[in-house]
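The values are calculated or read from the model by the stated rules, or taken from the named source; none is laboratory data. Keep in mind it's a predicted model, so treat the numbers as computed, not measured. So basically every Cβ, Gly included, is an ideal-geometry build from the backbone, and we count neighbours across all protein chains shown.
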Ligand code: GLY
Ligand code: MN
Ligand code: MN
């Protein structure tokens, strides 16, 4: 494992220019209220390049003239008392030995040592704008580095996020293994939830059920706050109150995925609380499903991210015309964006260490072409709130279907297909 992280750092030698430095900060402990903290989660890019899971750590990579990468890490100091309260700290020695960094220091020494590491570099890459205290420190470190040698070249500052994000986009065999496990755990949880749900239960009871099913399979944390939305709540795209009762006749939209060994999964299924879709629910469901199936087919190296988007928009527009919810021609309505009243988000996003993963969607001023090793979600939806000007039978229906798709050389692999999305299969599972 140590070598996987060392290789990722080495690769940066060919991505960043010679005589440049890259500074990536790890995460800090975040308070929830008063002195109660959230569970610590390392910054994803820091984790990607280090595999080091202690807060308040910083990685500095120096890319030398021959494009070799020299790594330095600043980590929490060994401290007997703190370790009794909060657990083991590797300290600089442990960090060097167990993670293969070229050198490591206590993070208390960062203000003296970091400017020395930057001095002489032509360019410093850093992900600006994530944390204003760090942004300020960065400016101070660069000022201090410049003042060390009046005759050294000027140091430009540039954003590191895009270059590292685009490396993170292409998953290694090891990463794909972790993502498959995350996806399988989440898919199994969705199957169990379809069997478990009953009228009279609450959204939060279902939320707790998912978290339990994730944790018992090794995915202790959710990759994001689950959306557990009964009935019309599904029309609130980021509904996370999860506190209402579920009733017969309601659909339940659940957007929930676990994190496994730092990798996210992201699944949405929409299923009837009673186990049987009503006719109007089924009619809308079939449109979303067709849009999803066709968009998934478009995830291949021959297409770019916008191709799948366009396909989903057209299928949804045509479906809404067929039901009399939109009227006009497909071309005119699509060109006018009429579908946006009912399908207002994009078809998907990159998936990896973050649920909305790093990586660009454009490349050389064109939409990004799919490449083997990328993982994207495909998640079309139709949302018709009670306030919509449509026949009563459609009001309050919100449906999304979301799977996680790995791009391969031959086409793609649906990592979450274990959980059914076909309405007949869902009804059979719930019977
Ligand atoms: N769960 C967040 C999303 O689907 O984008
Ligand atoms: Mn998603
Ligand atoms: Mn989702």
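Inspect all residues belonging to segment 159-169 and state whether any of them is exposed (fewer than 14 other Cβ atoms within 10 Å of the Cβ), in a strand (DSSP E or B) and touching a strand residue (DSSP E or B) at 6+ places or on another chain (Cβ under 9 Å). Looking for residues that are exposed (fewer than 14 other Cβ atoms within 10 Å of the Cβ), in a strand (DSSP E or B) and touching a strand residue (DSSP E or B) at 6+ places or on another chain (Cβ under 9 Å), one finds at least one in segment 159-169, hence yes.
Being in contact with a helix residue (DSSP H, G or I) (Cβ under 9 Å, 6 or more places away or on another chain), more than 21 Å from residue 354 (Cβ to Cβ) and either within 16 Å of ligand 3 (Cβ to nearest atom) or without any contact (Cβ under 8 Å) to a residue 24 or more places away in the chain (or both) is a description that does not apply to residue 405. Looking across segment 414-425, the residues that are over 16 Å from residue 254 (Cβ atoms) and either touching a helix residue (DSSP H, G or I) at 6+ places or on another chain (Cβ under 9 Å) or surrounded by 19 or more Cβ atoms within 10 Å (Cβ to Cβ) (or both) come down to 414, 415, 417, 422.
Rundown of residues vs (1) more than 26 Å from residue 302 (Cα to Cα); (2) without any contact (Cβ under 8 Å) to a residue 24 or more places away in the chain, yes/no style:
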| residue | (1), (2) |
| --- | --- |
| 332 | yes, yes |
| 336 | yes, yes |
| 342 | yes, no |
| 359 | no, no |
| 368 | no, no |
| 374 | no, no |
| 387 | yes, yes |
| 391 | yes, no |
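Here residue 239 clears all of (1) in contact (Cβ under 8 Å) with a residue 40 or more places away in the chain; (2) within 12 Å of ligand 1 (Cβ to nearest atom) except the condition numbered (1). Out of everything in segment 257-267 that is within 16 Å of ligand 2 (Cβ to nearest atom) and in a strand (DSSP E or B), what residue ends up being surrounded by the most Cβ atoms within 10 Å (Cβ to Cβ)? Top of the filtered list is 258.
To keep it simple, each residue is scored yes or no on (1) modelled with pLDDT of 95 or more; (2) surrounded by fewer than 16 Cβ atoms within 10 Å (Cβ to Cβ); (3) within 16 Å of ligand 2 (Cβ to nearest atom); (4) under 21 Å from the mean Cα position of the chain (by Cα).
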{"residue": "367", "(1), (2), (3), (4)": "yes, yes, no, yes"}
{"residue": "373", "(1), (2), (3), (4)": "yes, no, no, yes"}
{"residue": "387", "(1), (2), (3), (4)": "yes, yes, no, no"}
{"residue": "390", "(1), (2), (3), (4)": "yes, no, no, no"}
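Residues checked against (1) assigned to a helix (DSSP H, G or I); (2) at positive phi; (3) free of Cβ contacts under 8 Å to residues at least 12 places away in the same chain; (4) within 16 Å of ligand 1 (Cβ to nearest atom):
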| position | (1), (2), (3), (4) |
| --- | --- |
| 255 | no, no, no, yes |
| 269 | no, no, no, yes |
| 276 | no, no, no, no |
| 284 | yes, no, no, no |
| 290 | yes, no, no, no |
| 293 | yes, no, yes, no |
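Of the residues making up segment 242-253, those that are surrounded by 20 or more Cβ atoms within 10 Å (Cβ to Cβ) and not in a strand (DSSP E or B) number 3. With a requirement of 2 or more residues that are out of contact with any strand residue (DSSP E or B) (no Cβ under 6 Å at 6 or more places or on another chain) and over 23 Å from residue 48 (Cβ atoms), none of the strands (runs of 3 or more DSSP E) lying completely within segment 353-431 satisfies it.
Taken over segment 195-229, the criterion of being more than 16 Å from ligand 1 (Cβ to nearest atom), in contact (Cβ under 8 Å) with a residue 40 or more places away in the chain and under 13 Å from residue 246 (Cα atoms) is satisfied by 197, 198, 199, 200, 201, 202.
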